[in-house]
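Below is one structure, written out as structure tokens; the observations come after it.
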Amino acid sequence: MHKKFDSKTIERKWQEAWSASGIYNTKERDNNQEKEYVLVEWPYPSGNLHIGHWHAFSVPDIYVRFNRMLGKQVIFPMGFDAFGLPAENAAIKRNINPREWTESNIEHMKGQLVSMGNAFSWDLTTSSTDPEYYKWTQWMFTQFFEQGIAYRGKGLVNWCPGCNTVIANEQVLSDDTCERCGNEVEKKEMPQWMLRITDYADRLIDDLKGLDWPEHIKEAQRRWIGRSQGAEIDFELSTGDKVTVFTTRPDTLYGATYVVLAPEHPLLQTDEVRGKTSNLREVDEYIENATKKTERDRLDDTREKTGVKLEGITAKNPASGENIPVYIADYVLASYGTGAIMAVPAHDERDSEFAKKFSIPVKQVIKPTFSSTDAAKSLDKLPYCGDGVIAHSGEFDGMDSQEAKRKIVEKVGGRMTSTYRLRDWSVGRQRYWGVPIPIVYDPDGKAHPVPKEHLPWILPEDVDFKPTGEAPLAKSEELKKRTEEIFGVGWTPEVETLDTFVDSSWYFLRYIDNKNNDELSCKEAQESWMPIDIYFGGAEHTTMHLLYSRFWQKALYDLGLVTVDEPYKKRINRGLILGPDGNKMSKSKGNVIDPDEQVERVGADTVKMYLAFMGPYGEMTNYPWDMGGIAGIRRFLERVNGLYEHVVESETQEVTEELHRLIKKIHTDIPEYKFNTAISSMMSFVNIVEKEGLSQSSYETFLKLLAPFAPHLAEELWSTLNKGDSIHVEKFPTYDESLVVLKKMTIGVQINGKHRGEVTVTPSTTEEEVMKMVYSVEVLRDKIGSKKPKKVIYKPGKILNIIVD
RNA sequence: GCGUGAGUGGCGGAAUUGGUAGACGCGCUUGGCUUAGGACCAAGUGGGGUUAACCCGUGGAGGUUCGAGUCCUCUCUCACGCACCA
């Protein structure tokens with residue numbers, strides 16, 4: 001009977017040893033070695049690690065350890081995204097300071113992270129709440145302010161009544177609820193600190209091309225940014241005013257039979273327009289109703305189109321010269337394009353629907369070009385929204401619609417332009433536990449950045465941070481006093497804090513130079529480590545963190561502060577771990593798996609390998625936790641623990657070859673994040689050698705293969721061999737291709753494409769020899785019959801297919 | 001509606017990229033064993049079938065091919081993202 005696999009004892013023992021020797025700390029960058037920057041999303045210190053953190057951190061650790069053993073310099077930093085609402089809410093509940101709550105959580109979670117046994121680069125850690133960290137968050141904000149990238153904007157903002165703060169567009173879900181708390185978001189008119197992410201819209205789309213990201217993430221970002229290429233065209237109103245519309249189809253301009261303004265359009269508030277409008281009351285009523293409606297109601301697509309005509313006012317179609325009616329309707333959005341459209345009912349679904357309801361003339365100006373097959377049946381079916389040939393459009397008749405776009409815009413003096421769905425990023429928060437916006441106002445109310453020598457602009461402590469809707473920092477006497485002392489009497493501080501997505505937009509730059517007092521991250525460090533080679537994370541960040549941080553990096557790049565303009569070369573999104581019942585884990589469902597309990601029961605190596613074994617990492621599938629499944633992994637490790645009992649004097653050639661095939665398999669699987677198949681190959685190998693026996697050197701090789709997957713057990717077994725150093729600084733085994741190639745294989749024999757038997761061959765067996773073997777098998781011979789086969793297909797090592805009549 | 005991805009045993013998933021479908025693990029069945037455990041060992045486990053032959057089988061229907069889970073066409077279902085964006 002072999003030694004017991006006491007995971008608890010050996011895991012604690014080796015975690016202490018690794019920490020004491022600092023083997024995972026970062027070495028000076030050596031340019032002779034390939035570098036690899038592996039990033040996982042830094043956790044929010046909520047108090048306890050959950051199983052999702054294990055999935056997020058311990059599975060990538062396999063990748064990290066493997067690449068280190070290959071001889072690459074790999075950094076794998078970990079830190080804390082520690083500002084944010086939960087701390088504030090917890091602190092309110094317990095009547096303590098969010099700082100205390102956060103710090104004690106970090107302390108506890110660091111311990112839990114150590115219990116994973118991951119090869120984290122702990123010397124590169126940081127936390128967003130560390131003043132030495134947020135000093136730089138603030139400094140960058142002041143730089144952006146001076147460049148006009150950060151600005152004080154006005155307008156409609158998303159107000160979350162649950163969080164008592166403004167939130168950004170990206171943080172509002174498609175059902176109009178808050179990403180954080182689920183409350184329905186309201187629209188509010190309020191001045192807001194904004195970041196000009198829209199200036200980067202084109203680059204954020206175009207640079208996706210060069211990124212090795214899953215297509216669905218890139219596509220989601222493209223659609224979120226929502227670039228439409230088209231033109232702005234001016235329409236003159238009978239009042240003499242000018243309305244600029246945006247259209248992607250200027251080729252249909254001759255078919256524009258009316259103009260629509262959004263209810264919020266500023267022209268509707270001008271004296272000229274109001275004076276000439278004969279049904280002003282009706283119009284005002286409509287505007288009032290529309291602005292009262294929630295966004296959700298307005299966008300409900302089952303709703304019928306509504307609108308009202310501006311009686312007494314017409315617009316002149318700049319192409320045809322016709323006078324056409326002007327409507328206001330809420331199917332036109334004030335926030336998109338110019339807030340006004342030219343309506344072409346013949347070639348647009350929505351305009352068609354509206355025109356039908358209000359009996360507006362429809363004028364077809366595009367004739368579809370048909371292939372012979374789909375015939376004339378839909379020739380006159382309108383609206384037709386595709387491209388085609390221009391008609392009823394004066395000199396443009398007969399022209400292809402693509403060509404006509406440019407020409408028509410030119411004729412009417414319009415401008416080719418793009419418009420975007422993306423809005424500027426609203427970053428001011430009326431909450432306490434965040435980075436104070438480093439802005440002060442002079443007695444005239446003008447904003448000034450806090451100069452570098454006063455950074456970090458410390459978050460005051462004398463604050464009652466219970467949410468009232470007013471920014472808590474407004475209540476800080478200390479902050480007021482500080483501002484007046486430094487800047488003069490009458491100066492006042494900004495009292496909002498920054499969105500925590502700002503903190504996480506640059507943490508990867510700080511990791512690599514986390515002790516620098518003079519710069520956010522020096523160029524040498526960046527040249528050594530950036531860009532991030534692989535970023536593992538969750539699906540929820542696609543149009544938030546992943547978009548914001550790309551923007552932030554580009555803005556820094558333009559200021560000459562960073563060396564690359566895209567932070568993440570490759571991105572892998574993992575799936576979700578569900579409860580044993582197949583539902584999302586939640587306290588109310590009582591299906592939460594506590595990782596600490598699992599580690600206590602079966603050990604960290606087992607939990608890690610189980611998570612890696614569930615399926616390919618990077619498929620966004622959700623996996624239910626399976627108690628039996630994790631027991632299977634534990635069983636496997638028990639057998640590995642006793643594997644030395646199967647060491648024999650000399651192993652068979654087959655075992656040697658199997659080992660080399662296993663080595664090759666792991667070399668190909670890990671770089672593709674297919675940890676599941678790498679593990680199953682190790683299991684198959686153990687199944688074989690438990691029967692056949694393996695040599696001492698193969699045993700040692702196997703332990704090295706195991707090391708990235710089960711670091712504690714591998715280290716423990718290695719230590720019994722008295723080799724001196726840690727197994728984790730060993731070189732990863734390499735394979736001999738000549739041993740990998742199968743010397744003998746069983747191939748299928750098909751007759752007329754149907755499987756009829758097998759023969760065992762070598763790669764060099766000739767067709768003649770194979771046929772001889774087939775004929776020597778009675779059943780096969782009978783099946784083929786006496787006639788000569790019509791045709792024989794033989795792919796050496798793969799298949800034999802005999803075609804007979 | 002638009003976009004992206006995916007459909008393989010009771011379950012998680014494999015499949016040398018066009019060549020014996022179901023590796024590995026879970027679960028289950030039978031037998032053994034006893035440190036009675038979320039244990040271990042052995043054999044079996046896609047469905048049908050007279051248990052032999054054979055037939056059927058990768059959401060469905062066609063097609064290409066000596067050969068299709070894999071390629072093509074149509075179609076259905078599910079997940080995620082966007083959604084009156086002009």
**OP:** For the range A:9-25, enumerate the residues that are touching an Asp or Glu at 6+ places or on another chain (Cβ under 7 Å) and surrounded by fewer than 19 Cβ atoms within 10 Å (Cβ to Cβ).
**Re:** A:25
Original post:
Within the range A:768-781, can one find any residue that is closer than 30 Å to residue A:610 by Cα and either within 14 Å of RNA strand B (Cβ to nearest atom) or part of a strand (DSSP E or B) (or both)?
Top reply: no
Original post:
If residue A:263 satisfies every condition in (1) surrounded by fewer than 20 Cβ atoms within 10 Å (Cβ to Cβ); (2) over 31 Å from the mean Cα position of the chain (by Cα); (3) in contact (Cβ under 8 Å) with a residue 40 or more places away in the chain but one, which is the exception?
Top reply: (1)
**OP:** Considering every residue within the range A:782-800, establish whether at least one is under 20 Å from residue A:742 (Cβ atoms) and touching a Phe, Trp or Tyr at 6+ places or on another chain (Cβ under 6 Å).
**Re:** yes
Original post:
Of A:556, A:509, A:473, which residue is under 19 Å from the mean Cα position of the chain (by Cα), crowded, with 18+ Cβ neighbours inside 10 Å and in a helix (DSSP H, G or I)?
Top reply: A:509
Original post:
Taking the range A:623-651 as the region of interest, how many residues are under 24 Å from residue A:112 (Cα atoms), more than 7 Å from RNA strand B (Cβ to nearest atom) and in contact (Cβ under 8 Å) with a residue 40 or more places away in the chain?
Top reply: 2
**OP:** Please list, ordered by first then second residue, the pairs with beta carbon atoms under 7 Å, 6 or more apart or interchain, first in the range A:72-97 and under 30 Å from residue A:22 (Cα atoms), second modelled with pLDDT under 90.
**Re:** A:73/A:27
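Can you list the strands (runs of 3 or more DSSP E) found entirely within the range A:312-370 that contain at least 1 residues being modelled with pLDDT of 95 or more and within 15 Å of RNA strand B (Cβ to nearest atom)?
Strands (runs of 3 or more DSSP E) meeting the threshold: A:323-328, A:340-343.
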Subject >> Residues (crowded, with 19+ Cβ neighbours inside 10 Å and assigned to a loop (DSSP other than H, G, I, E, B)) located in the range A:476-504 >> reply: A:476, A:494, A:495, A:496, A:499, A:504
Original post:
Any residue at all in the range A:682-695 that is buried (at least 21 other Cβ atoms within 10 Å of the Cβ), in contact (Cβ under 8 Å) with a residue 24 or more places away in the chain and either of a type in the set (D, E, K, R) or closer than 20 Å to residue A:18 by Cβ (or both)?
Top reply: no
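Every residue, every condition in (1) under 22 Å from the mean Cα position of the chain (by Cα); (2) surrounded by fewer than 23 Cβ atoms within 10 Å (Cβ to Cβ); (3) among the hydroxyl-bearing types (Ser, Thr, Tyr), yes or no:
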{"site": "A:64", "(1), (2), (3)": "yes, no, no"}
{"site": "A:77", "(1), (2), (3)": "yes, no, no"}
{"site": "A:107", "(1), (2), (3)": "no, yes, no"}
{"site": "A:135", "(1), (2), (3)": "no, yes, no"}
{"site": "A:138", "(1), (2), (3)": "no, no, no"}
Original post:
Could you list, in sequence order, the residues of the range A:410-464 that are surrounded by 20 or more Cβ atoms within 10 Å (Cβ to Cβ), closer than 26 Å to residue A:229 by Cβ and among the aliphatic types (A, V, I, L, M)?
Top reply: A:422
Original post:
Residues A:251, A:234, A:271: which one is away from RNA strand B (no atom under 16 Å from the Cβ) and of a type in the set (D, E, K, R)?
Top reply: A:271
Subject >> Matching residues, the range A:201-227, being outside any helix (DSSP H, G or I) and either more than 13 Å from RNA strand B (Cβ to nearest atom) or among the small types (Gly, Ala, Ser) (or both) >> reply: A:211, A:212, A:226
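The values are calculated or read from the model by the stated rules, or taken from the named source; none is laboratory data. Fair warning: this is a prediction, and the values are worked out from it, not measured in the lab. For neighbour counting, all protein chains shown are included, and Cβ atoms are generated from backbone atoms with ideal geometry for every residue, glycine included.
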